Protein chains: 2
Amino acid sequence: MDQFADRYPSRILPVPSIVDRTDPVVWGDGGSAGEPLDRDRIAFFERNGYLAFERLIPSEEIGRLTAELDVLWAAAGKSDDARVVREPDSDVVRSVFAIHESNATFRALLHDRRLAGMAEQILGSPVYIHQSRINYKTGFRGKEFYWHSDFETWHTEDGMPRMRAISISIALSDNHAVNGPLMLIPESHKHYVTCVGRTPDDHFKQSLRRQAVGTPDDASLRRLVAQGGIEAPTGPAGSIVLFDCNTMHGSNGNITPYPRSNIFAVYNSVENALVQPFGGTRPRPNFIASRAAGPIA
Amino acid sequence: MDQFADRYPSRILPVPSIVDRTDPVVWGDGGSAGEPLDRDRIAFFERNGYLAFERLIPSEEIGRLTAELDVLWAAAGKSDDARVVREPDSDVVRSVFAIHESNATFRALLHDRRLAGMAEQILGSPVYIHQSRINYKTGFRGKEFYWHSDFETWHTEDGMPRMRAISISIALSDNHAVNGPLMLIPESHKHYVTCVGRTPDDHFKQSLRRQAVGTPDDASLRRLVAQGGIEAPTGPAGSIVLFDCNTMHGSNGNITPYPRSNIFAVYNSVENALVQPFGGTRPRPNFIASRAAGPIA
């Protein structure tokens, strides 16, 4: 099957379905001595579709990153840049995209071997940054992110051919159980939940604020949760969660005073560069889905 | 000060404030041998404003209660009874009120010494049921309940003179960290946060679905959380949380497939019977705030 064949059709049939993943989870041989992840970690990732590390980024480094975040946030509040996405019901900033392009500090962090090295090991090739952003879930009125597989969107709307990308979420504030932490469904990465509904053109302008098309159905979610349960790794700022592009995830809203900011970056294999979107719509802008597939130096 | 004096004015001034509680938390002598709560429990309640008990109601009894719940729910779905309250954005049933009046099984449970006995011990007098309801937070699309002190509403809208009532929440489904469990702010019961905004007449018709007037301000919530933190007791069905009428509490939304149903009952001291609402509006209906203050037999 070539790169242009649709291995994972979605948003076509009028009823949802769950099909098996046809791609490996761990590409290549899973690593050798000197690579960042040991055999147990690799086996855990293969089985569950995610890995959590407490305090991977030391607190003094997090201090520098949050200072940078504050500057970025103040600027974003007044910006009409398309890379700044706001909450569905207000002008409060929800995400800032492409921070690896616009900000030297965040770029250096995302190119760092601690992070990019894990991605390369799992994906068995050099990688590039498909997408990066800072998410800011305010206290008191933080909205939920509904369940989704990132791959379903990236495949349909961006033309990512295969499941050969991983996401990393870096906590910039403490993740408690109560402030809407990232929730993952273990083992869900081995199943592909096709969604119902046609994608409108320029869907991203609305979907980044609140997703409507591309959400999985209740019955499929129940099946996945019955199989794998739900995990919500918590930990202090500097903790990270790494997960497969097809792992079903989401987060509840947050009425606590604790904000929840994180950096989110997607590493895609250079051998999995984007083609035309499989849903037939025009490609989304480069700041959401990079088409420059050159490897990280 | 007589029963008709307003010890806790709220919704009057244009700015919020935090004032000290002038009522005891534990009334009378806190109990003696043979009463349900020991000295340590009483001291914990006095200090923190709540108590949590895992699996207080045995699972076979919970089985009978949930069977009853299912029957009640099926009937409520088709009912136009005012005691059935629906979600703000849909017709999905959110709560059914006055279940101690309409249902013999739930009445027997709420009159049981295990529950009413704890209330009497803390409140130092016979008690009656001020309000009861079943809350049903559906999976996938369960909405949040924003932070509030029940007493602020009961005082302003129902005419409850003093802080001499306690609430009990009985979990009818397992409470996980991820399905929007009840969150409480320890120590908040010793402070009274006055709210801003005038109460419209018949406010309850809207406020039971989504609260607008009577919500505390961000700065006050930050102060309370900085002092006491946030606790979210979890546990299997049959676990209960008992809390003071003035303990600040709320819950996040719930996108997980796990529903979260609970029975909620308020025991008020017979010496604290309702008078005219301190906010000046007409009293709410009896199914929300009982004016029949006869003690539980």
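The values are calculated or read from the model by the stated rules, or taken from the named source; none is laboratory data. Predicted model, so just to flag it, every value in this text is computed and none were measured. Every residue, glycine as well, gets a Cβ built from its backbone with ideal geometry; the counts of neighbours run over all protein chains shown. The protein model used for the area step is the full one, side chains on, heavy atoms only, and it has no ligands, DNA or RNA in it. Shrake-Rupley method; radii C 1.70, N 1.55, O 1.52, S 1.80 Å.
Structure data summary
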quantity	calculated
Selection from segment A:120-143 of residues that are in contact with a Ser or Thr (Cβ under 6 Å, 6 or more places away or on another chain), within 27 Å of residue A:77 (Cα to Cα) and buried (at least 22 other Cβ atoms within 10 Å of the Cβ)	A:130, A:133, A:136
Among the residues listed as A:92, A:96, A:85, the single one being within 14 Å of chain B (Cβ to nearest Cβ) and either surrounded by fewer than 21 Cβ atoms within 10 Å (Cβ to Cβ) or modelled with pLDDT under 95 (or both)	A:92
Subset of segment B:144-165 [open to solvent by 10 Å² or more (accessible area, probe 1.4 Å) and either within 9 Å of chain A (Cβ to nearest Cβ) or farther than 27 Å from residue B:128 by Cβ (or both)]	B:144, B:145, B:146
Unmet criterion (only one of (1) within 14 Å of another protein chain (Cβ to nearest Cβ); (2) in a loop (DSSP other than H, G, I, E, B); (3) aliphatic (A, V, I, L, M)) for residue A:274	(1)
Residues of segment A:70-87 satisfying the condition of being touching a residue at least 40 places away in the same chain (Cβ under 8 Å), in a strand (DSSP E or B) and either within 16 Å of residue A:285 (Cα to Cα) or among the aromatic types (Phe, Trp, Tyr) (or both)	A:85
So residue B:293, is it touching a residue at least 24 places away in the same chain (Cβ under 8 Å) and either farther than 16 Å from residue B:153 by Cα or assigned to a strand (DSSP E or B) (or both)	yes
Checking residue A:168 against (1) open to solvent by 10 Å² or more (accessible area, probe 1.4 Å); (2) assigned to a strand (DSSP E or B), the condition it does not meet	(1)
Inter-residue pairs, beta-carbon under 6 Å, first among the hydroxyl-bearing types (Ser, Thr, Tyr) and in segment A:221-242, second surrounded by fewer than 16 Cβ atoms within 10 Å (Cβ to Cβ), 6+ apart	A:239/A:54; A:239/A:55
Yes/no for residue A:26 being in contact with a helix residue (DSSP H, G or I) (Cβ under 7 Å, 6 or more places away or on another chain), touching a residue at least 12 places away in the same chain (Cβ under 8 Å), within 27 Å of residue A:223 (Cβ to Cβ) and among the β-branched types (Val, Ile, Thr)	yes
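Per-residue answers, yes or no, for (1) hydroxyl-bearing (Ser, Thr, Tyr); (2) crowded, with 20+ Cβ neighbours inside 10 Å; (3) more than 24 Å from residue B:143 (Cα to Cα):
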| residue | (1), (2), (3) |
| --- | --- |
| B:198 | no, no, yes |
| B:224 | no, yes, no |
| B:232 | no, yes, no |
| B:239 | yes, yes, no |
| B:248 | no, yes, no |
| B:258 | yes, yes, no |
| B:263 | no, yes, no |
| B:271 | no, no, yes |
| B:293 | no, no, yes |
